[in-house]
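The values are calculated or read from the model by the stated rules, or taken from the named source; none is laboratory data. Just so you know, these numbers come straight off a predicted model, no measurement behind them. Virtual Cβ from ideal backbone geometry, glycine too; neighbours counted across all protein chains shown.
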Amino acid sequence: MLEIKDLKVSVDQKKILKGLSLKINKGEVHALMGPNGSGKSTLSYVLSGKDNYNIDEGSISFKNENLLNMDVDERANKGLFLAFQYPMEIPGVQTSFFLRTAINAKRKFLNLPELDALEFAKSLKTISEDLSIDPEILKRDLNLNYSGGEKKKQEILQLSMLNPDLAILDETDSGLDIDALRVVADGVNKFRSSDNAFLIITHYQRLLDYVKPDFVHIIADGNIVNSGDYSLAIELEEKGYEKMANV
């Protein structure tokens, strides 16, 4: 699904990622944990195609294609999804309209017929009810005046509707109360399958208590310094980053 080899990235001539390698196969859930400034979000931005990140060395293959040759739209249409730590507010764009536009753009890219209004409404109603999302939120402007929990729930709704092959969750658990955290976790657990994969980027273990990852990686100073199974996250919670990452 995704293979990163010896990736070195800099921003404004400052080295952020320093030879990071990571392989994610179909059906796998990987968690990437690390302290502030370790390079977690930089990796998610590079994967999604954000500007101003310089690829100094290394390669990224997504579904056996060179990801670095794809623009942002192509990455999304080919099945890459990023849930932001701080989702953008878009005044004047209704949430349901945004979702329908995004889905039909992807379907057009894949040479599939667009969903008509009735098909879309039925799908949206089914999935939003399954995620316990208030239907009123779908009538509001995208993320405008949403609480932190509402924004994260809306991103899980996007994830479920767009059906990506690889979902990257960049600190999706940040600032969530326990109820919102469970909604996010339930959405991920319902969506995960043998045909897709997840990269969950987080500071803390708490989301991983609900979404059990197959692999846990610790990143420090721009590189993965420790990898293991879910027990590594538990050990990290007990010992802290300094002992576990040797930083």
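Count of the range 114-148 residues, restricted to those that are small (Gly, Ala, Ser) and more than 20 Å from residue 188 (Cβ to Cβ), is 2. I want to confirm something. Restricting to the range 122-143 and keeping residues that are more than 13 Å from residue 98 (Cβ to Cβ) and assigned to a loop (DSSP other than H, G, I, E, B), which single residue is farthest from the chain's Cα centre (by Cα)? Checking each candidate, the answer is 134. Which count do you get for residues in the range 161-198 that are surrounded by 15 or more Cβ atoms within 10 Å (Cβ to Cβ), acidic (Asp, Glu) and on the phi < 0 side of the Ramachandran plot? Selection size over the range 161-198: 4. State which residue is surrounded by the fewest Cβ atoms within 10 Å (Cβ to Cβ) when the search covers only the range 39-72 and only residues that are in a helix (DSSP H, G or I) and in contact with a helix residue (DSSP H, G or I) (Cβ under 8 Å, 6 or more places away or on another chain). Residue satisfying both the conditions and the ranking: 72.
What do you reckon, is residue 179 more than 18 Å from residue 134 (Cβ to Cβ) and at pLDDT below 80? The answer is no for residue 179.
For the range 108-121, does any single residue satisfy the condition of being of a type in the set (S, T, N, Q), part of a helix (DSSP H, G or I) and modelled with pLDDT of 80 or more? No.
Residue-by-condition table, conditions (1) small (Gly, Ala, Ser); (2) modelled with pLDDT under 80; (3) part of a strand (DSSP E or B); (4) under 16 Å from the mean Cα position of the chain (by Cα):
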| site | (1), (2), (3), (4) |
| --- | --- |
| 145 | no, yes, no, no |
| 151 | no, yes, no, yes |
| 160 | yes, no, no, yes |
| 168 | no, no, yes, yes |
| 172 | no, yes, no, yes |
| 185 | yes, no, no, yes |
| 194 | yes, no, no, no |
